[in-house]
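Here's the structure, in structure tokens; my notes come after.
No lab work stands behind these numbers, since they all come straight from the coordinates. Bear in mind that the values here come from a model prediction, so they are computed numbers and not experimental data. Here the Cβ positions follow ideal geometry from the backbone for every residue, glycine too, while neighbour counts run over all protein chains shown.
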Amino acid sequence: MRMLSHGLVAPTQRTIPDFDLRRPLTVNEAVAAGAAGGSAYAQGCTDLFAQFREGLRCTTLVSLDKVAGLRDISYDGRTLRIGSGAIHHEGARHPAVVSALPGLAAAWRQIATHRIRQRATIGGNVMARRPRYEMSIMCDSLGAELSFISPNGPCRLSTADVWDSRVPPGGLLLSVDIPELACAWFGYERSLRPLLTVAATVRADTAGGGTVRVSVGSEMHRHFTVEAPLGTDPMDIAATLPGEIGDAVASARYRRHAAGVLLGRLLDRLASEHASEEKSR
Amino acid sequence: MSTPVEICFSLDGQDRAAAIAPNTALIDLLRDRFGVTGVKASCERGVCGACTVLVDGTPTASCSLFAFAVDGARVETVNGQGSESSLGPVQRAFTERGGFQCGYCTPGMVMLTTALLREHPDPSDEQIRTWISSNICRCTGYLMIIESVRRAAELIREEGHANG
């Protein structure tokens, strides 16, 4: 605490190390600035501040707020591209998201709090790699490809790659690209948080088959993803989740069972939506 | 020592300019430099919302935003909502309905309510709960806070305040 003329104040700045500020206007300028060791990218700053409070050392902060195009969202009928700087509040209501994946739009509207949704970005959420953040669970279920650019050029990674620390040094996340959406459905169940969160993506093929890709997370550890042919019993799909899904809070047996139940509800919802569509035709 | 950043912004309707270190958090600029001690520091991780201010109308945790980011922006704090002798409608609603106990979360709640009522002048209970759940009242007096938000909406309608 410090005594100033207007009273006692708590100088929070003390906990944030001094850094050089760069405010690039283009992606190339941003990557050039981010190539230096000890640099960090900043967009919404919601999680970055938490990292600073936890001891992040950063000598160069590359603010992305003036870089054009990072907040863009588009859908071409097959792939939904979400710019890494898209703010949750805007992304969840964007016509392209609502049109391509209404289930994702609905799920996206539920994460965090209203105030945080108005400031935080999808890129910050994914790159933070915190189990309690939810966009990684959704992105992995959707089979999203993360488009990066680094000083060595562009690259595409999976959500799991990010969790496994495979992002190249100085890599800047440009967009989250969700492919093969022509016949895709997405559902999300977070009613058992913090114990369990289930995201399910169903992709149907022209032969009447398809796949179900399920990601199961919790607030305690990273999520796990399994895939099975469409029509597989939800409990059987959940049974293939690895043993690591259990922890001191809930056993693997419990989490597999609960995940199976929630997945069953999601697939029932999909069937019900299909039935309603058939009826309205 | 890094190069200071020059910023200009509107603070509760007054034009302000400052040369700041890049690592200055907005809350420190407001409290240390401009004496806006109505903005309260608490969790300092953007979670509790005691430090909520409005940046271009958007409720924002000032502990989790660098001050350089408000260059050219309009910043509103609880200090600009009224004075000791003339409280604003949201502040009066909170006093009428006992929307605080220890009072530490109140500045953030007042600013959150101000933003809510600009977007939804006649909010539903669900909208009030959705917005107010962004901030934490450690005394857990949420029922009175929700009643205060309803009362603030009434006062603004009755008195014809522009609320921003």
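Restricting to Cα atoms and excluding each atom paired with itself, what does the Kirkwood estimate give for chain A in Å? List each step's numbers first, then the result.
Details: mean 1/r = 0.0496 Å⁻¹.
The Cα-based Kirkwood calculation yields 20.2 Å.
Under a point spin-label approximation (7 Å from Cα along Cα-to-Cβ), what is the B:Glu158-B:Ala17 distance to one decimal in nm?
4.5 nm
Which of rounded, prolate, oblate describes the stretch A:128-281, given a ≥ b ≥ c as roots of the alpha-carbon gyration tensor eigenvalues and a/c under 1.5 marking rounded, otherwise prolate only if a/b is larger than b/c? Each step should come with its number before you reach the end.
Working: a/c = 2.24, a/b = 1.24, b/c = 1.80.
In terms of gyration-tensor shape, oblate.
What is the fewest-to-most order of B:Leu143, B:Leu29 by other Cβ atoms lying within 10 Å of their Cβ?
Numbers: B:Leu143 11, B:Leu29 27.
So the residues, fewest neighbours to most, are B:Leu143, B:Leu29.
Each residue of the stretch B:100-111 in order: what ³J(HN,Hα) in whole Hz does its phi give by Karplus 6.51 cos²θ - 1.76 cosθ + 1.60, θ = phi - 60°, with x for Gly and Pro?
The phi angles translate into 7, 10, 6, x, 6, 7, 4, x, x, 5, 5, 6 Hz.
Which of these, A:Thr60, A:Thr240, A:Thr121, has the largest mean-square fluctuation under a Gaussian network model of chain A (Cα springs below 10 Å)?
Most flexible of the set in this elastic network: A:Thr240.
When a/c is below 1.5 the answer is rounded, else prolate if a/b is larger than b/c, else oblate, so apply that to the stretch A:16-63 with a ≥ b ≥ c taken from the square roots of the Cα gyration tensor eigenvalues.
Details: a/c = 2.42, a/b = 1.61, b/c = 1.50.
Prolate, since a/c reaches 1.5 and a/b exceeds b/c.
Stokes-Einstein D for the stretch B:46-164 at 25 °C, 0.890 mPa s, Kirkwood Rh over Cα pairs, in µm²/s?
Numbers: Rh = 14.2 Å.
Rounded, D is 173 µm²/s.
The stretch A:126-177: which trypsin sites (Lys or Arg not before Pro) are DSSP loop and have at most 15 other beta-carbon atoms within 10 angstrom?
For trypsin sites (Lys or Arg not before Pro) across the stretch A:126-177 that sit outside H, G, I, E and B with at most 15 neighbouring Cβ atoms in 10 Å, the list reads A:Arg132, A:Arg166.
Could you state the angle between the C-alpha long axis of helix B:142-159 and the longest principal axis of the C-alpha atoms of chain B, as a value from 0 to 90 degrees rounded to the nearest 10?
Long axis of B:142-159 versus the principal axis of chain B: about 90 degrees.
Running a GNM on chain B with Cα contacts under 10 Å, which residue among B:Thr130, B:Thr106, B:Thr77 ends up with the highest mean-square fluctuation?
Of the options given, B:Thr130 has the highest mean-square fluctuation.
Can you tell me the length gained on complete extension of the stretch A:Asp268 to A:Trp163, counting 0.36 nm per residue apart and subtracting the Cα distance? Kindly include the intermediate steps, with their values, before the conclusion.
Numbers: separation 105, 0.36 × 105 = 37.80 nm, distance 3.09 nm.
Residue separation times 0.36 nm, minus the Cα-Cα distance, leaves 34.7 nm.
Rg and Dmax in Å for the stretch B:5-80, alpha carbons only: what are they?
10.9, 29
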